[in-house]
Amino acid sequence: EPIQNLSHGYQQRVGIAQAIIHDPTLLILDEPIQGLDPVQIVEMRHMIRGLRGKHTILLSTHILSEIEQTCDRILMLHEGKIRAEGSEAELSERFGTEGQQTLEVEVRIPEDAPDVGQILEALPDVVSVERGPVDGGRICALTVRASGDVREPVAVELIAKGFGLRRLQVESGALEDIFVKLSKEVNQEAAS
C-alpha cells in the first residue's frame, strides 16, 4: 500500500518505523500525536514508552499533558535555549508548585443547602474555590485550589454536609503552572 494512501495515524507509524529501522541511539519525535484519534494516541504513547531503554527519545510537543504521560525528563526551551531541565517533580520543586493541588469537584446540591464554596474555603489548606453555575439537576462543578492534598477532607466535608459527591479528581496541570512561571521569569529577565 502506498504510504500516501494510509491514514494519518498509520503514516505516523511508518515514519517512526523508518526512524528506528537502523536502531539509532537517539530518536527525535516532533509532535508524534498530532492529528491522531484517541485510540491512535493511546497506541502511540504505548509504542513510545516501549522504545524506552533501547533508545533515547527526544519528544517535541506543545501538548503538556502528553509530556506528563510519556516523558521521564523534561527540557523547557525558550528562543532555542534550555531554560529548565529535570523530572516533573524536580521542576515542581524548583518553580514552587510542589504540594499544590487543583481539584475538579462535581456535587449535587440539596435543597436549602449551605453555600458549598464557603464550606470548602473554610477547610485548612484550601486556597480558593471557583463555583460554576448550578444546572437544572442541581449539579454544580467546582475548582478547588489548595496548598496540599485536600481530597479526603473535601470528600468528608461534602458528604457530612449532605452534598452528593459525583466526581472528585486531581486536575493535571503542574507542567502548565511551571511553564507559565518560567515564561514570566523569562519575560522579566528580558525586560531587565
- [ ] Note down the Stokes-Einstein diffusion coefficient of the chain in µm²/s, whole number, using a Kirkwood radius over alpha carbon pairs, 20 °C, and 1.002 mPa s.
- [x] 108 µm²/s
Task: Modelled FRET efficiency - R0 45 Å, residue 31 with residue 191, Cβ distances, 0.05 increments - done: 0.90
TODO: Would you kindly calculate the mean projected area, averaged across all directions, of the convex hull enclosing the Cα atoms of the stretch 17-83, in square nanometres?
DONE: 5.1 nm²
TODO: Run down the lysines and flag those whose C-alpha is under 26 Å from the C-alpha of residue 184, throwing out any fewer than 8 positions away in its chain.
DONE: 81
Open item on the list: Could you tell me how far the Cα centroid of the stretch 1-20 sits from the Cα centroid of the stretch 89-142, in Å?
Closed with: 44 Å
Task: Exposed-site-free run, longest, the chain (rule: GluC sites (Glu not before Pro); DSSP loop; at most 11 other C-beta within 10 Å) - done: 112-192
Task: In order through the stretch 6-11: 3J(HN,Hα) via Karplus (6.51 cos²θ - 1.76 cosθ + 1.60), integer Hz, x for Gly, Pro - done: 7, 5, 4, x, 6, 4
Open item on the list: Please enumerate, by chain and number, the aspartates and glutamates with C-alpha under 15 Å from the C-alpha of residue 54, excluding those fewer than 8 residues away in the same chain.
Closed with: 23, 72
Open item on the list: Looking at the chain as a GNM with Cα springs under 10 Å, which of 164, 53, 136 has the largest mean-square fluctuation?
Closed with: 136
TODO: Work out from phi, with θ = phi - 60° and the Karplus expression 6.51 cos²θ - 1.76 cosθ + 1.60, the ³J(HN,Hα) of each residue of the stretch 35-44, listed in order in whole Hz, and give x for Gly and Pro.
DONE: x, 8, 7, x, 5, 5, 4, 4, 5, 5
TODO: Identify the trypsin sites (Lys or Arg not before Pro) of the stretch 113-192 meeting these criteria: DSSP loop state and at most 16 other C-beta atoms within 10 Å of the C-beta.
DONE: 138, 161
Open item on the list: Looking at the chain only, what percent of DSSP beta bridges run antiparallel? Nearest 5 please.
Closed with: 80 percent
Task: 3J(HN,Hα) from dihedral phi, the stretch 118-131, Karplus parametrisation 6.51/-1.76/1.60, rounded to Hz, x for glycine, proline - done: 5, 4, 6, 5, 6, 6, x, 6, 7, 8, 7, 9, 9, 10
Open item on the list: Amide H of residue 84 versus every other amide H placed in the peptide plane: which residues, excluding those fewer than 5 positions away on the same chain, fall under 5 Å?
Closed with: 76
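Any read-out appearing in this document is the output of simple, stated calculations on the displayed coordinates, not a laboratory observation. Here the structure is a predicted model, which is why all the values come from computation and not from measurement. All Cβ positions, glycine included, derive from the backbone under ideal geometry; neighbour counts span all protein chains shown.
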